[in-house]
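So the structure is just underneath, and the comments pick up after that.
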Amino acid sequence: MIGFLSRRLLSAIPVLFVVSLVTFLILWLVPGDITAEIAGPDATAEDLAAIRARLGLDRPLWERALAWYADLFRGDLGYSYLLNRPVSEAVLERLPVTLSLAGLALVMATAMGMLLGILAAVRHNTLVDQGAMVTALIGLSIPDFWFGIVMIILFGVWLGWFPTGGFVPLAEDPVGWARSMALPAITLALTQMGVIARMTRSAMLDVLGQDYIRTARAKGMKRSTVVFRHGLRNAMIPIVTVVGVITGVLLSGAVVIETVFSLPGVGRLIIGAIQRRDFPIIQGGLLITACVFVFVNILVDMLYAWFDPRVRNDR
Amino acid sequence: MTADAGPAAAPPSLAREVARARRRRRQGFLKRLFGHPSFLIGFMILAAFTMTALLAEWLAPYGPTRINYRAILAPPSAEHWLGTDGFGRDILSRVIHGTQVSLRIGIYVVVLTGIMGTVLGTLASYVRWLDALIMRGLDGLMAFPGVLLAIALAAALGPSETNAMIALTVAFTPRTARVVRASVLVVQEMQYIEAARAVGAGHGRIVFRYILANALSPLIVQLTFVFAVSIIAEAILSFLGVGPPPPAPSLGNIIADGRSYVQEAWWIAVFPGIVIAVAVLGLNLMGDGLRDVLDPRQRLGRDGH
């Protein structure tokens, strides 16, 4: 297991290299002189010169890339002149909100999706199956940010059950926190549940058709034991795979949903930075979110190894 | 390349037989495709969406940017079926015109992603020494969650329709290239490829005529999903203000307008979203149908975007 883990960690290095390179190149894509935009409206000529020197905009691209990597290794993601603080500080401060939103949505989507998928597989080719699959398909066709707005109109404006936006920190008021996170998390979960439901169903159908399932049923085991102990456990690998993919979708979904519900996460920070054209923040936010996703993928691979010993030894 | 002359040099009667057999197979394929309920429903939805976009000039009751100060935030009525926005612009007309942007972006992104994905995927599997290089690069791009990379790219390039297409193509190419690579890897080990090489077919002929022709099915299925995701992603970019800029309507920026009016005018945000959801549902149904007919082994849930 330790060998597997270290191999997996090593393979993340080239990925992180490309991620940081792409993030670096984004600044280079911006047309025109960006110094003035990064400095903000009330910058002096000295400020401009200082920023130009810091970002090295007068130096060749490869020198700037080297400087970027040198800074990265020291944990320095740059400086936001518009917010007047280091990028890493601004992003890391906002990260918990985004992670808890994505995490909540992930738990809900996985629970509901697996339930729906198992139900559809067990009641294969019945109305239950078709109903579950139509629900799943509609769920994954709905744009999540729009669904968020519909939820606000429905439960916030018309029924008044939930706040229409804003955030209460968990430490201040747990109930207020739950109320402010409920709609955004449900929105994200409902639109991603379908993907998990479809995968669960097809994986379960594959497994339930196997001989050992018939044997287990034939020797008189309880149906629920067969479905969960024998069936689900062997169907977990493809389900874990989609859950991993979903996590990436949920992370970027959280970015957009935060804007809809005015939650102070990394997403809202990035979107605000896009409107102010504060590029260091955009780069930092993008880089850290991608790193979180890379880390999640490693976790998913560890889960594989846990569910399937062959994975541990084969690679 | 003498081998290339092979089939053409066959007696004319045989060539006719081959052509007839091909036509029959194609007809059988279309019959199975349109006999698949998911594909048929999806196809009809997409056809309706396409016709709406093409005939927008004639279908829209008002000009999409025509301002009417006497009908500001008017709820749905006989005059304005879907109501009006904060400038008194007719939502139905804006939605109808907005479908053009979605369709244009969808088509361009599908074509560009298809080309880029095929080139990169084929190079990676056919040219051994390029494989690691290309795949590590694509892995890196895929490490950015979902449409986040597209959002950042579009923000850097500036808000425009062309830049949105570029950003989405960069974001969706890696997964598509992986799909192409996986299917080319299987096909290029087939015996008929070895046979083609043995009779002296060149790389170009082998790749285009034999490998790609037989490895296309997963790509086609993947591209219908790219189309679906592009329509949602265009809406997200426009909603965040990095898509095609206003006042020209796109389904996303109408929803963005509506976000500020959730208290007093729900109809602005709700209707364009329904249109997006229906169009995406149609494409997903088409993709499911195509997968069932083209590639029965792969009946799995849709990959994320």
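Which of (1) within 14 Å of chain A (Cβ to nearest Cβ); (2) in contact with a helix residue (DSSP H, G or I) (Cβ under 6 Å, 6 or more places away or on another chain); (3) crowded, with 24+ Cβ neighbours inside 10 Å is the odd one out, the single condition B:VAL109 does not satisfy?
Every condition holds for B:VAL109 apart from (1).
Are any residues in the stretch B:247-264 aliphatic (A, V, I, L, M) and either within 26 Å of A:GLY160 (Cβ to Cβ) or modelled with pLDDT of 85 or more (or both), and if so, which ones?
B:LEU251, B:ILE254, B:ILE255, B:ALA256, B:VAL262, listed by residue number.
Any chance you could count how many residues in the stretch A:142-164 are part of a helix (DSSP H, G or I) and free of Cβ contacts under 8 Å to residues at least 40 places away in the same chain?
Matching residues across the stretch A:142-164 total 9.
Enumerate the helices (runs of 4 or more DSSP H) found wholly within the stretch B:190-305, keeping only those where 3 or more residues are under 30 Å from B:VAL119 (Cβ atoms) and within 12 Å of another protein chain (Cβ to nearest Cβ). If you could, list the steps in order and put the result at the bottom.
Numbers: elements: B:191-198, B:213-239, B:251-259, B:266-294.
Result: B:213-239, B:266-294.
Restricting to the stretch B:117-136, what's the tally of residues that are part of a helix (DSSP H, G or I), closer than 15 Å to B:GLY204 by Cα and β-branched (Val, Ile, Thr)?
Count: 3.
Yes/no matrix, rows are residues, columns are (1) hydroxyl-bearing (Ser, Thr, Tyr); (2) surrounded by fewer than 24 Cβ atoms within 10 Å (Cβ to Cβ); (3) in the same structural domain as B:GLY106 (by TED's automatic domain parsing):
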position	(1), (2), (3)
B:GLY137	no, yes, yes
B:GLY140	no, yes, yes
B:LEU148	no, no, yes
B:ALA152	no, no, yes
B:SER160	yes, yes, yes
B:ILE166	no, yes, yes
B:ARG175	no, yes, yes
B:VAL184	no, no, yes
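Say whether the condition of being more than 9 Å from every other protein chain (Cβ to nearest Cβ), hydroxyl-bearing (Ser, Thr, Tyr), surrounded by fewer than 19 Cβ atoms within 10 Å (Cβ to Cβ) and touching a residue at least 12 places away in the same chain (Cβ under 8 Å) is met by at least one residue in the stretch A:223-233.
Just the residues of the stretch A:223-233 that are more than 9 Å from every other protein chain (Cβ to nearest Cβ), to begin with: A:223-233.
Next, only the ones that are hydroxyl-bearing (Ser, Thr, Tyr) stay: A:224-225.
Checking the rest, the ones that are also surrounded by fewer than 19 Cβ atoms within 10 Å (Cβ to Cβ) come to A:224-225.
Right, trim to touching a residue at least 12 places away in the same chain (Cβ under 8 Å) and you get none.
There is no residue in the stretch A:223-233 that is more than 9 Å from every other protein chain (Cβ to nearest Cβ), hydroxyl-bearing (Ser, Thr, Tyr), surrounded by fewer than 19 Cβ atoms within 10 Å (Cβ to Cβ) and touching a residue at least 12 places away in the same chain (Cβ under 8 Å).
Among the candidates B:ARG104, B:ARG26, B:ARG32, single out the residue that is assigned to a helix (DSSP H, G or I) and modelled with pLDDT of 85 or more.
B:ARG104
Going residue by residue through the stretch B:76-91, is there one that turns out to be modelled with pLDDT of 80 or more, assigned to a helix (DSSP H, G or I) and touching a helix residue (DSSP H, G or I) at 6+ places or on another chain (Cβ under 9 Å)?
yes
Looking for whichever is within 12 Å of chain B (Cβ to nearest Cβ), of a type in the set (Gly, Ala, Ser) and surrounded by 12 or more Cβ atoms within 10 Å (Cβ to Cβ) here; the options are A:GLY131, A:GLY165. Which one fits? Outline the logic, then answer.
Values: A:GLY131 fails: within 12 Å of chain B (Cβ to nearest Cβ).
Just a single option satisfies the conditions, and that option is A:GLY165.
Name, by its number, the condition in (1) without any contact (Cβ under 8 Å) to a residue 12 or more places away in the chain; (2) closer than 22 Å to B:ALA154 by Cβ; (3) in contact with a strand residue (DSSP E or B) (Cβ under 8 Å, 6 or more places away or on another chain) that does not hold for A:LEU25.
(3)
Does the stretch A:78-95 contain any residue that is free of Cβ contacts under 8 Å to residues at least 24 places away in the same chain, closer than 30 Å to A:PHE17 by Cβ and either in the same structural domain as A:ALA203 (by TED's automatic domain parsing) or in a helix (DSSP H, G or I) (or both)?
Yes, the stretch A:78-95 contains at least one residue that is free of Cβ contacts under 8 Å to residues at least 24 places away in the same chain, closer than 30 Å to A:PHE17 by Cβ and either in the same structural domain as A:ALA203 (by TED's automatic domain parsing) or in a helix (DSSP H, G or I) (or both).
Going by the structure shown, is A:PHE147 of a type outside the set (A, V, I, L, M) and over 22 Å from B:ASN284 (Cα atoms)? If you could, list the steps in order and put the result at the bottom.
Details: of a type outside the set (A, V, I, L, M): yes; over 22 Å from B:ASN284 (Cα atoms): no.
For A:PHE147, the condition - of a type outside the set (A, V, I, L, M) and over 22 Å from B:ASN284 (Cα atoms) - is not met.
The values are calculated or read from the model by the stated rules, or taken from the named source; none is laboratory data. This structure is a prediction, so every number in the text was calculated from the model and none was measured. Heads up, the Cβs are rebuilt from the backbone with ideal geometry, glycines too, and the neighbour counts pull from every protein chain shown.
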